[in-house]
Structures are given as structure tokens and as C-alpha cells.
Amino acid sequence: MLSFVLRRIVSTIPVAATVALVVFFMLRLAPGDPAAVIAGDGASIEQVERVRVALGLDKPLPQQFVQWAGQVVRGDLGVSIFTKKPVTELIWQRVGPTLSLTLMTMLISGVVGVVFGLVAAARAGSWLDHLLILIAVVGFSVPVFVVGYALVFVFAIKLGWLPVQGYSPLSAGLGPFLSHIIMPSITLSLIYISLISRITRTSVLDILAQDYILTAYAKGFGDTQVFTGHVLRNAAVPITTIIGIGVALLIGGVVVTESVFNIPGMGRLVVDAIGRRDYPVIQGVTLVFAGVYVFINFVVDLCCGLFDPRIRI
């Protein structure tokens, strides 16, 4: 297992380097002059040049990348052009709401999605199976913002059970925290519940058709022993993999959901930065999101190695 972990760490290094290259060149090779955009329409040539020098855009691209990469390694993501605050400080101020929304979403998605998938597989071909499949298809097809506005209309405006928007930290109390986070989390989790439940159902049905499952039943094992000892363990690899892949979709969903529910998280931060052309903030948040995705995939690889020793070879 130690050798497997070390190999995965080594393989992550070029991926992280590639991500850093893409994030760096994404803004610098985009159409238009960032210095001219930041300086404004009425800026003179001298003012644009001063902005370019301040951002280091007057230097050759390789030199810019080396300087930027060195700052990133030291934890310096630059300074916001408009707020004049370090980007790391701005991200740290917004990471709480985004982390709460992400963890709550993955918790709801994982539990409900796996349960739906197991129930559908155990009752394959029944009306319950068809109903769960229908719910999964609908949940995967409806856009996130449509679900969000529908929940706001029903539970916040019509019934008045939940606040329309905003965020309350856990330090303010469990009740206010849950009342503000539950509706955005459900909005964001519907698509992942659909994805996880369908993969779980397919994986479980495939495993139930294997010969060793029939052998287990022939030995007198009950349904509980077969599911916990054989089915779930072998189905854990594809389920864990699809949860990891869902993180990529989750990043985009967080941006939309935080905008719908006015949550002051990293999604709102990058949306505001795009509107103001705050390039250091856009670059910093994008790098953080990409780094989190690389780390999640690394963790998924380790979990798959634990569930299936054959993967470690």
C-alpha cells in the first residue's frame, strides 16, 4: 500500500504542474489586453503601461510564469486589483460557506444516492425501481438554477419555512446554519443523487449476477451478509469513482447555487471578480478549485486501492 501511495503522489505532480500552466496561460493568452481592461476605457497609453508594469505583464511569458509559480509555492496568489487585499485573504474569508455547502451536498448525495441505488437494485424491475429511475432522470435533466428558484418559491415564499437567501455560519447556532444551508444543498445535490443512484444500481446488479454471489447464497448466507460482505465491498470502487468525478460538476454548480441563494462563498467571489476583470482573483480561485479537484482524485485513487487490492499492482 505504501508503494501504491508513493506512485500516486508522484503521478499527481505532473498533473498539478499542468494545471498550473493552464491556469497561468488561460488569462494571459485570452483575447484583449488585461492591462487596458483594468486601466479603463479612458486611460492613456502611459496609464496602461503603468498597469502592465505593476502586474508584471511587460516581462517575457517564461519569466512571468517562473515568478508566479514561485509565489504560488510560497502561498502568495497575488493581490486583488480592486480591493488591494491579498487573494489568499479573500479566499480564506469565503472558504467557509463554500466548504459547508460542498460537504453538506456530498453528504446528502452520497447517503441518498447509495440508498436509492441499493433499493432500486434490490427491487429491480418493480414499480419502485422504475419510480427511482424516473426520479434520477428528472433530477439529472433539470438545471440547478431552475431547482433552486422552485425550492425558494415553495419553501421560502409560499410556506415561509426557510429563509430566501443568505448564509449563517455554524458558530451562530445549528438551527440558523441548517435553515440557510439545507435548501442550497438539496438544490445542488439532486444531480449527484441521480448520478450516484444510477451507477450504484448498475454496479450492484452486475455484481449480483456473478457466480460468487450464487455461491454465497448456496452456503446459506442471508441477504444482509451477502450485501455487506460481497456486494457493497465490490461496488464501492465504481461508486467512489463517480463521487470523485462529481466533484468537477460540483465546482460549477457551486458558482450557480451561491449566486441564486446569495451565499458569500468562493463561487460568488469568482463571479464578482469576472465582472470587474479582477485577474489575480480569477486566477487564484481557479487554481484553488483545480487543486482541490486534483486532491480529491488522489483521495479517490487511495480509497479504490483500499477497497480493491488488485488496483495497487
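Can you pull out the residues in segment 79-104 that are surrounded by fewer than 17 Cβ atoms within 10 Å (Cβ to Cβ), closer than 21 Å to Gly275 by Cα and within 20 Å of the chain's Cα centre (by Cα)?
Residues satisfying the conditions are Thr88, Trp92, Gln93, Val95.
Can you tell me which residues in segment 269-299 are surrounded by fewer than 19 Cβ atoms within 10 Å (Cβ to Cβ), farther than 17 Å from Ala20 by Cβ and in contact (Cβ under 8 Å) with a residue 60 or more places away in the chain?
Across segment 269-299, the qualifying residues are Arg276, Arg277.
Hey, among Gly96, Gly78, which residue is more than 18 Å from Ile191 (Cα to Cα), outside the structural domain of Leu21 (by TED's automatic domain parsing), in contact with a Gly (Cβ under 9 Å, 6 or more places away or on another chain) and at pLDDT 80 or above?
After ruling out the rest, the residue left standing is Gly96.
Run Ile313 past the list (1) of a type in the set (A, V, I, L, M); (2) farther than 26 Å from Gly148 by Cβ; (3) at pLDDT 75 or above and report the number of the one that doesn't hold.
(3)
State all residues of segment 52-92 that are free of Cβ contacts under 8 Å to residues at least 12 places away in the same chain, closer than 24 Å to Glu258 by Cα and assigned to a helix (DSSP H, G or I); if no residue qualifies, say none.
Scanning segment 52-92 gives Glu89, Trp92.
Of the residues that sit in segment 170-227 and are of a type in the set (Gly, Ala, Ser) and in contact with a Leu (Cβ under 7 Å, 6 or more places away or on another chain), which one is farthest from Thr98 (Cα to Cα)?
Only one residue tops the list, namely Ser197.
Would you point out the residue of segment 1-48, among those that are at pLDDT below 70 and of a type in the set (Asp, Glu), that is surrounded by the fewest Cβ atoms within 10 Å (Cβ to Cβ)?
Ranking the qualifying residues of segment 1-48, first place goes to Asp41.
Got at least one residue in segment 197-210 being touching a helix residue (DSSP H, G or I) at 6+ places or on another chain (Cβ under 6 Å) and among the acidic types (Asp, Glu)? Working first, answer last.
If we filter segment 197-210 for residues that are touching a helix residue (DSSP H, G or I) at 6+ places or on another chain (Cβ under 6 Å), which is where we start, we get 197-201, 203-205, 207.
Narrowing the set further to residues that are among the acidic types (Asp, Glu) leaves none.
No, segment 197-210 contains no residue that is touching a helix residue (DSSP H, G or I) at 6+ places or on another chain (Cβ under 6 Å) and among the acidic types (Asp, Glu).
Given the residues Thr224, Thr228, Thr215, Thr257, which is the only one that is of a type outside the set (Asp, Glu), farther than 30 Å from Leu55 by Cβ, over 25 Å from the mean Cα position of the chain (by Cα) and modelled with pLDDT of 80 or more?
Just a single option satisfies the conditions, and that option is Thr215.
Could you check, for segment 219-236, whether at least one of its residues is without any contact (Cβ under 8 Å) to a residue 40 or more places away in the chain, assigned to a helix (DSSP H, G or I) and in contact with a Gly (Cβ under 8 Å, 6 or more places away or on another chain)?
No, segment 219-236 contains no residue that is without any contact (Cβ under 8 Å) to a residue 40 or more places away in the chain, assigned to a helix (DSSP H, G or I) and in contact with a Gly (Cβ under 8 Å, 6 or more places away or on another chain).
Answer yes if at least one residue in segment 100-115 is assigned by TED's automatic domain parsing to the domain that holds Ala236 and over 28 Å from Met266 (Cα atoms), and no otherwise.
yes
Residue under question is Leu107, and the condition is that it be surrounded by fewer than 13 Cβ atoms within 10 Å (Cβ to Cβ) and at pLDDT 85 or above; does it hold?
yes
The values are calculated or read from the model by the stated rules, or taken from the named source; none is laboratory data. Computed from a predicted structure; not experimentally measured. When we count neighbours, we look across all protein chains shown, and the Cβ atoms used for this are built from the backbone with ideal geometry, even at glycine.
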